[in-house]
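The values are calculated or read from the model by the stated rules, or taken from the named source; none is laboratory data. Since the model is a prediction, treat every value here as computed from it, not as a measurement. Cβ placement follows ideal geometry from the backbone for every residue including glycine, while neighbour counts extend to all protein chains displayed.
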């Protein structure tokens with residue numbers, strides 16, 4: 001028996017199987033020490049309940065209605081009676097994978113049920129060659145697209161093929177390094193500070209000072225920024241380091257401190273992930289979602305930053321009620337990261353109802369992020385060779 005079978009028996013193998021497994025684990029017994037027929041029975045019970053759970057989730061995704069045991073027992077992949085399915089569904093409900101909205105109704109999947117289903121989908125899902133060609137055609141002529149246009153094209157294609165809103169998180173700026181800081185006089189006691197990074201980002205901040213600066217003052221500021229910030233990664237700029245710079249400049253000339261504070265503010269802004277949501281009309285037209293919550297979400301979509309950092313691996317799925325930043329009930333967000341070389345530079349995904357065809361949508365997202373990673377890394381290599 002595999003570890004996967006043991007894990008499922010532990011989670012969803014019925015009371016008899018669970019108790020037996022608990023005895024086995026407590027005694028430190030090897031599964032091979034059990035009689036062969038016992039191992040077979042445990043595996044069959046676990047496999048049967050897994051199939052029932054997957055069938056219930058798929059049926060609910062398709063219909064949106066509570067699912068009954070009779071309906072599941074009639075499916076070709078289910079080889080047991082309605083009574084056995086009913087018992088399996090009761091066990092799965094007890095374990096938190098299913099719930100019964102009304103006493104007389106069938107069952108619907110819980111978050112745990114959806115997650116179990118999604119784990120299976122991620123393992124099994126793949127795209128046919130025809131589907132890959134169709135997605136490539138939707139991206140357009142890759143050779144004519146810049147990195148930004150490639151991401152925009154992938155976002156549009158993903159929204160079109162899934163009929164969901166798309167979300168892109170850009171965390172490339174915080175991994176760039178500072179190339180240059182410049183100060184430019186624009187009027188009486190008015191100055192603009194420019195911050196330029198290695199990935200081409202240009203930030204600017206207008207500052208009003210107490211009095212006009214001399215060319216010597218401005219040159220001191222430029223030299224100070226070059227010595228302390230040029231070549232430094234945005235992600236390495238801690239609050240402590242910024243405060244030390246402000247203190248050091250203030251000791252030389254207090255009037256320069258607003259310029260340094262402006263640089264620090266721009267650096268903090270670059271450390272935050274940029275989030276872009278498009279295709280919101282797909283959410284507004286979705287009957288499974290509360291329209292008032294969708295409108296509220298559209299007004300506060302930058303709050304997704306906390307959910308779309310670069311700390312996750314693989315495919316990340318978040319359900320609406322699970323996080324205080326994700327305000328649409330009965331919804332789900334699915335994202336995957338894309339890379340430039342070895343560095344994750346962003347994430348791409350969709351926002352839609354919980355009743356999504358995960359078996360199709362997750363492979364779509366994985367394909368687009370893999371494609372983006374390949375194309376922008378290739379583009380970067382070509383630029384380095386020029």
Just one listed residue, out of 267, 235, is assigned by TED's automatic domain parsing to the domain that holds residue 181, surrounded by 17 or more Cβ atoms within 10 Å (Cβ to Cβ), touching a helix residue (DSSP H, G or I) at 6+ places or on another chain (Cβ under 8 Å) and in a helix (DSSP H, G or I), and it is 267
(message) Whether any residue in the stretch 205-214 is outside the structural domain of residue 148 (by TED's automatic domain parsing), outside any strand (DSSP E or B), crowded, with 17+ Cβ neighbours inside 10 Å and in contact with a helix residue (DSSP H, G or I) (Cβ under 6 Å, 6 or more places away or on another chain) is what I want to check.
(response) yes
Given (1) part of a helix (DSSP H, G or I); (2) closer than 30 Å to residue 332 by Cα, residue 168 misses just (1)
Exercise for review: Inspect the stretch 141-155 for any residue being at pLDDT 90 or above, outside any loop (DSSP other than H, G, I, E, B), assigned by TED's automatic domain parsing to the domain that holds residue 349 and out of contact with any helix residue (DSSP H, G or I) (no Cβ under 6 Å at 6 or more places or on another chain) and give the result as yes or no.
Suggested key: yes
Scanning the stretch 283-316 for residues that are at pLDDT 90 or above and touching a helix residue (DSSP H, G or I) at 6+ places or on another chain (Cβ under 7 Å), the one farthest from residue 344 (Cα to Cα) turns out to be 291
Q. Is there a residue being surrounded by 20 or more Cβ atoms within 10 Å (Cβ to Cβ) and within 26 Å of residue 275 (Cα to Cα) anywhere in the stretch 179-186?
A. yes
Restricting attention to the stretch 108-129, the residues that are touching a strand residue (DSSP E or B) at 6+ places or on another chain (Cβ under 8 Å) and outside any loop (DSSP other than H, G, I, E, B) number exactly 9
Restricted to the stretch 187-203 and to residues being free of Cβ contacts under 8 Å to residues at least 24 places away in the same chain and surrounded by 13 or more Cβ atoms within 10 Å (Cβ to Cβ), the residue farthest from residue 270 (Cα to Cα) is 189
Of (1) in a helix (DSSP H, G or I); (2) surrounded by fewer than 15 Cβ atoms within 10 Å (Cβ to Cβ); (3) modelled with pLDDT of 90 or more, residue 65 satisfies every one except (1)
